[in-house]
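*Asks:* Got a structure for you, written out below as structure tokens; questions coming shortly.
A short reminder: the numbers here are calculations on the coordinates, not readings from a lab. Remember, it's a predicted structure, so these values are computed and weren't measured experimentally. Reconstructed Cβ throughout: ideal geometry from the backbone, glycine too, with neighbour counts over all protein chains shown.
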Amino acid sequence: MRDRKESTPSRMAAVWVRCGPAALVLCAALVPLAAPSISSYIFYLMFWITMASAFNIIFGLTGYLPFGYVAFYGVGAYVTAVMWSRLGVPIPLSILSGGVLGVALSLLFAPTLRIRGIYFAIVNFSCAMALRILVANLPEAWTGGSLGISLSAIYNPNASFYTMMALMVLTIWTVGRVSGSRLGIALRCIREDPEAAQVLGVDVVRSRLKAWILAALFPSLAGGVEAWYTAIIDPDSSFNLLITTKTIVYAMFGGLGTVMGPVIGAVSLYALDDLIWGKFPMLNLLILGLLIVLLVLFLPRGIVGTVTRRHASLRAVIR
């Protein structure tokens with residue numbers, strides 16, 4: 001009888017993991033047609049799912065905390081805008097160019113992976129701030145100066161909406177593939193003890209570089225798609241540290257190191273964040289800070305980590 005009771009939630013969870021995401025994507029795909037008034041909400045929900053899931057690769061699986069994670073988003077947004085507005089490159093190729101430059105930036109920052117812990121976080125944060133200053137001081141003819149760049153001529157909310165949806169699905173699929181692969185096992189070994197992983201034959205340098213490149217690619221593409229959706233960018237919004245903060249909180253709330261954790265965290269907290277912004281705009285940062293404190297104290301493993309710890313039978317279906 002006990003085994004039967006324990007198998008029921010496992011079976012339900014398995015059904016959700018297989019069918020739930022597909023059902024949600026299908027419902028979201030109909031939003032611009034059936035309920036255009038909430039399409040902006042769904043767009044940014046998909047954006048945060050993408051950001052949190054990609055962040056999970058480098059922090060949740062590998063153990064490196066990049067405080068300057070917004071740099072990839074900002075580079076993707078600016079490269080997309082510059083390629084289209086200054087060079088006349090079609091917007092799809094401009095977005096892909098933003099992804100390529102984001103990967104190039106990750107390779108430029110790759111030497112910082114030699115350090116770990118708070119030192120890596122501080123160095124990464126400093127690199128992001130230096131990049132922000134550099135972009136703000138580039139010739140106005142290219143980056144638009146403090147006013148930024150307008151993309152109103154190609155404003156297309158429906159096309160950018162479905163592009164973000166495709167990017168979100170690709171990001172979650174990639175995290176799932178990496179998590180269950182030999183690379184995922186290697187990254188978890190690096191997270192726990194890099195020296196021991198090296199002794200066991202794990203190529204630490206190559207494995208963490210692969211994770212770093214993947215973690216940079218998706219926010220760079222997301223930055224380009226988001227720039228297309230809003231049709232305007234500027235240095236302050238493109239390199240806003242609040243983007244890094246929310247990405248970290250959303251991923252932690254759902255559960256780092258799991259595939260569905262960042263998705264659940266983004267869905268849960270973005271709804272709360274949207275409510276707070278609507279009702280108490282001046283208290284948003286205060287409440288966000290309190291959430292971080294409560295999260296660390298009471299849910300250090302996140303929602304998925306806490307649930308699977310109490311119900312071991314769910315670990316096989318909720319990763």
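*Asks:* How charged is the neighbourhood of Leu65? Take every other residue with its Cβ under 12 Å from the Cβ of Leu65, and add Lys/Arg as +1 and Asp/Glu as -1. Numbers along the way, then the final one.
*Replies:* Numbers: positive: Arg116, Arg191; negative: none.
Local net charge: +2.
*Asks:* Between Met282 and Ile122, what FRET efficiency follows from the Cβ-Cβ distance if R0 is 35 Å, with the result rounded to 0.05? List each step's numbers first, then the result.
*Replies:* Numbers: r = 30 Å, r/R0 = 0.85.
Efficiency for this residue pair is about 0.75.
*Asks:* Please give the FRET efficiency for Ile154 paired with Val100, using the beta carbon to beta carbon distance and R0 = 22 Å, rounded to the nearest 0.05.
*Replies:* Working: r = 20 Å, r/R0 = 0.90.
The calculated FRET efficiency here is 0.65.
*Asks:* I've got another one for you. Just how far, in whole angstrom, is segment 215-232 from segment 100-170 if you go by their alpha carbon centroids?
*Replies:* The two parts, judged by their Cα centres, are 8 Å apart.
*Asks:* Can you give the translational diffusion coefficient of segment 99-238 in µm²/s, computed by Stokes-Einstein from the Kirkwood radius over Cα pairs at 10 °C and 1.306 mPa s?
*Replies:* The Stokes-Einstein estimate is 92 µm²/s.
*Asks:* Equivalent ellipsoid semi-axes for segment 35-187, as square roots of 5 times the alpha carbon gyration tensor eigenvalues: give them largest first, rounded to whole Å.
*Replies:* Details: eigenvalues 149, 102, 34 Å².
Semi-axis lengths for segment 35-187 are 27, 23, 13 Å.
*Asks:* Trp173 versus Leu147, label points 7 Å from Cα toward the beta carbon: distance in nm?
*Replies:* Placing both labels 7 Å along Cα→Cβ, they lie 4.2 nm apart.
*Asks:* Here's another thing I want to ask about it. What whole-number value in cubic angstrom gives the convex hull volume per residue for the C-alpha atoms of segment 45-90?
*Replies:* Values: hull volume 4.0 nm³, N = 46.
Convex hull of Cα atoms, per residue: 88 Å³.
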